[in-house]
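For reference, the structure discussed in these notes is given below.
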Amino acid sequence: MRSKSESRRQTIIDEARAVFQECGFEGASMSQIAARVGGSKATLYSYFASKDELFVEVMRRSAEALMRDVFEKLDSQADLTANLRRFGEGFLEAACQPELINNYRNAYAEARKSEVGRLFYERGPRQGLLVLSEHLDACMKQGKLRQADSVVAAQHLLALLEAECGQLLLLGVSEGFLPAATRQMAGRAVEVFLRAYSTPA
């Protein structure tokens, strides 16, 4: 059961999310969010030190909700190729969600003006990268992949998965892809990854 403090924190995050979606980061204010929540700015600041911190938490929560199940698909005991493909398909399906695309657009837009970009990366994408690197490290120790820097390998796999669609989504060239297309993209990305990291025959 949630404590009163936890429930209040969640209410603040939910209302802030609505305000940020309506007004954007620049247009939103802590006063607007406080009015939605039904409290004072002092109450907001007792939970979040700044608008930046609140914005990052809103983005982190939405990204985590979309990506949690994706990273839980990783299983070092399963067939390597099939498991990486399942992971890749799930990753691309989540990457096509408008909310996640907007998170990245907002983080990029604010990166030069505040700590939003860095904080979002550290609390969101970097955590996923570390989970994937731990999985690949386990596969390397089992001899399924050649020995290498597992963090770099994880970066390579994520970059390959985004190679065919990342810019198209962020720049609004495409609003998304059909499941058949993301399956093919994931398959090609995993194929290239395994050519680089498979254990030598």
>> Among the listed residues 46, 76, 31, identify the single one that is over 22 Å from residue 120 (Cβ atoms), at pLDDT 90 or above and assigned to a loop (DSSP other than H, G, I, E, B).
In response: 76
>> For a quick check of your reading of the model, give me the residue pairs whose first member lies in segment 55-80 and is more than 15 Å from residue 190 (Cβ to Cβ), whose second is part of a loop (DSSP other than H, G, I, E, B), with beta-carbon atoms closer than 6 Å and at least 6 apart or on different chains.
In response: 60/124; 63/124; 66/97
>> Every residue in segment 79-126 that is of a type in the set (Ser, Thr, Tyr) and either surrounded by fewer than 19 Cβ atoms within 10 Å (Cβ to Cβ) or not in a helix (DSSP H, G or I) (or both), please.
In response: 81, 108, 114, 121
> How many residues are within 20 Å of residue 135 (Cβ to Cβ), in contact (Cβ under 8 Å) with a residue 60 or more places away in the chain and small (Gly, Ala, Ser) if we restrict to segment 161-201?
Replying inline: 3
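Name the one entry in 25, 71 that is in the same structural domain as residue 129 (by the TED database), closer than 28 Å to residue 93 by Cα and buried (at least 16 other Cβ atoms within 10 Å of the Cβ).
Sole residue among the options that is in the same structural domain as residue 129 (by the TED database), closer than 28 Å to residue 93 by Cα and buried (at least 16 other Cβ atoms within 10 Å of the Cβ): 71.
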> Quick one: residue 160 ticks every box in (1) of a type outside the set (Asp, Glu); (2) at pLDDT 90 or above; (3) surrounded by 15 or more Cβ atoms within 10 Å (Cβ to Cβ); (4) not in a helix (DSSP H, G or I) bar one, so which box is it?
Replying inline: (4)
> Could you list, in sequence order, the residues of segment 49-73 that are more than 20 Å from residue 106 (Cβ to Cβ) and not in a loop (DSSP other than H, G, I, E, B)?
Replying inline: 68, 69, 70, 71, 72
>> Whether any residue in segment 141-158 is of a type in the set (A, V, I, L, M, F, W, C), assigned by the TED database to the domain that holds residue 69 and without any contact (Cβ under 8 Å) to a residue 24 or more places away in the chain is what I want to check.
In response: yes
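The values are calculated or read from the model by the stated rules, or taken from the named source; none is laboratory data. These numbers were taken from a predicted model, which means no experiment stands behind them. Cβ sites come from the backbone with ideal geometry, for glycine too, and all protein chains shown count toward neighbours.
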